[in-house]
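Have a look at the structure below before the remarks.
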Amino acid sequence: MINCVNCETAQYFGKALSSQYRLRYRSFVDRQDWELSSFRGMEYDCYDTPATSYLVWQDENGEVRGASRLMPTDRPYMLKDLWPESVENIALPSSASIWEGSRFCIDRKLPQFLRRRITEEIVCAYLEFALAQNITAIIGIMPPLIWRSVFINAGWDVEFLGKSGHYGGGRKNIAGQMHVSATALKQVREKTGILHPVLLTAPFNEIETTKKKVCME
């Protein structure tokens, strides 16, 4: 299962919020040597706001071992603020119905088969989340290899929005957009073999407790 964590649901998921910051630190600062803001082994930036949602996979101890970040483009977001020149084929979006995905990371200590499974579940969760929130597209910027290995290989088509380049230094990156639809989710489920919903927005016991309280009031 993939848990959807944000400022309104964080209390349901234990240490998920801080744990995903720690996974990001290990993934991007320790392993890739990115120069990013950090505090006590947690990576963060100005886009971690109350408008941000995190899709996380937690192990039996509640530690986040896979994560991605999503934010609406009707407010500041990375692609527009930092690398607008990477988008050539469309106008930079500014809409509550188009969101940006970023900080996709999987714990490298996990076995390869589990990393692949978590990756595919997060891709499914992207689409489930987007459909539930009336999101029509998700944009982002990452190396072409990551677009292919994470999203295209899972069955979700990517529309590239410009040329690849050394945006931000390091490896070549390219901006892309993925359109959201029930058909896209069906394709991803068929390609990955994950035929059931994977996204959880609050633990089932908390949901049932809330339902009972509402019925009693």
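Every number in this text was worked out from the coordinates using simple rules, so none of it is lab data. It should be emphasised that the depicted structure is a prediction, and the values quoted were computed from it without experimental measurement. Note: ideal-geometry Cβ built from the backbone for every residue, glycine included; neighbour counts use all protein chains shown.
Short-range pairs are left out: with C-alpha atoms under 8 Å and at least six residues apart, the relative contact order of the range 1-140 is 24 percent. Report the Cα centroid-to-centroid distance between the range 1-39 and the range 151-173 in angstrom, as an integer. First find each Cα centre; the distance between them is then 23 Å. By the scheme Lys and Arg +1, Asp and Glu -1, what is the net charge of all other residues having a beta-carbon under 15 Å from that of P93? Counting the neighbours of P93, the net charge comes to -3. Descending by average beta-carbon neighbour count within 10 Å, the peptides 28-36, 181-189, 73-81 line up as 73-81, 181-189, 28-36, the highest first. Our estimate of slack between D59 and A96, defined as 0.36 nm per intervening residue step minus the Cα-Cα distance, is 10.2 nm.
Using the alpha-carbon atoms, what tilt in degrees (0 to 90, nearest 10) does helix 182-192 show relative to the longest principal axis of the chain? Orientation of helix 182-192: about 90 degrees from the principal axis. Near L145: Cβ cut-off under 11 Å, other residues only, Lys/Arg at +1 and Asp/Glu at -1. The net charge is +3.
The simple spin-label model puts a point 7 Å past each Cα toward its Cβ; for W34 and K80 those points are separated by 2.0 nm. Farthest towards the positive end of the charge dipole of the chain, among the residues I174, S97, G155, is the Cα of G155, using unit charges on the Cβ of Lys, Arg, Asp and Glu. Think of each Lys and Arg Cβ as +1 and each Asp and Glu Cβ as -1; about the Cα centre, that makes the dipole of the chain roughly 540 debye. Within the chain, antiparallel bridges make up roughly 85 percent of the DSSP beta bridges whose residues both belong there. Evaluating kT/(6 pi eta Rh) at 37 °C and 0.692 mPa s, with the Kirkwood radius of the range 1-86 over Cα pairs in the Stokes-Einstein relation, gives 241 µm² s⁻¹. Note on the range 110-172: Cα-Cα pairs beyond 15 Å make up 60% of the total pair count. For the chain, a Gaussian network of Cα nodes joined below 10 Å ranks T119, T49, T201 by mean-square fluctuation, and the top entry is T49. Net charge in the neighbourhood of M42 (other residues with Cβ under 13 Å of its Cβ; Lys, Arg +1, Asp, Glu -1) is +2. Length, then width, then depth: along the principal axes, the Cα atoms of the range 2-211 run 49, 42, 35 Å.
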